[in-house]
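Novice: Shown below is the structure under consideration.
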Amino acid sequence: MTFAETCPRLPNPSRWTVFFLYFVSRVSWTFPAEGLSRVIGSPKPITAAPGDDVILPCHLEPRVSAQWITLEWTRTDMKPGYVYFRRGGVELRDTKISSYADRAALSADELRRGNMSLSIRNITLADKGMYRCFVPSLKSHVVVQLIVGEKQTWTTAAPLTTRDLQTPDPGVVTDANGEKNNKRLKTSLCC
């Protein structure tokens, strides 16, 4: 007798068994085990001016998919309500604070890479504050500060003075340091 003849035959796996094994394998990759991932954000404040679009950074480390986890973005100074709320792969828009209804969003492509950064369009002065990115299943969160100030024009040039705008005498020679030399340029009209 051969080994194959002595072993009992296992039944062919049903479609449900295959589906169950596939589902379990997908879930284990989608939902990180507690304690393995943590939420990371920016330790520095994010600054913006009214009318700007901003991204408040938040991601999982190590980078695993975040598309099926429950994710909450809230303002620490505004209760109740969410700036953004996602559960089971779906954004729950009816829980949003009304002023963020059409302005706050996440990227579905980036969620697959563990990036849960919140983008807010058309920032207003009322948007300044502390924002919390929280993943309940990991019991991990980060707080990101948004500073909103008036629009400013920045330049690296020194301010101009009237001394800078004077037209030099075409007959005076200056050296490389800009110092005037008493020697006058000799000009001749010779052929």
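The values are calculated or read from the model by the stated rules, or taken from the named source; none is laboratory data. In this text the structure is predicted, and so the values were computed from the model without any measurement. Cβ coordinates were reconstructed from backbone atoms using ideal geometry, including for glycine residues, and neighbour counts include every protein chain displayed.
Novice: Can you tell me which residues in the range 68-118 are charged (D, E, K, R) and touching a Cys at 6+ places or on another chain (Cβ under 8 Å)?
Specialist: Filtering the range 68-118 for residues charged (D, E, K, R) gives 72, 75, 77, 79, 86-87, 91, 93-94, 96, 102-103, 109-110, 112-113.
Within the range 68-118, just 72 meets the criteria.
Novice: Tell me, which residue of the range 66-100 that is more than 19 Å from residue 135 (Cβ to Cβ) and among the aliphatic types (A, V, I, L, M) is modelled with the highest pLDDT?
Specialist: 97
Novice: Go through (1) in a loop (DSSP other than H, G, I, E, B); (2) at pLDDT 95 or above; (3) of a type in the set (Gly, Ala, Ser) and name the single condition residue 158 misses.
Specialist: (2)
Novice: Might you check whether a residue that is under 14 Å from residue 145 (Cα atoms) and not aromatic (Phe, Trp, Tyr) occurs anywhere in the range 102-117? So that I can check it myself, show each step before the final result.
Specialist: The initial filter retains those residues of the range 102-117 that are under 14 Å from residue 145 (Cα atoms), namely 117.
Pick out the ones that are also not aromatic (Phe, Trp, Tyr) and you get 117.
Within the range 102-117, one or more residues are under 14 Å from residue 145 (Cα atoms) and not aromatic (Phe, Trp, Tyr).
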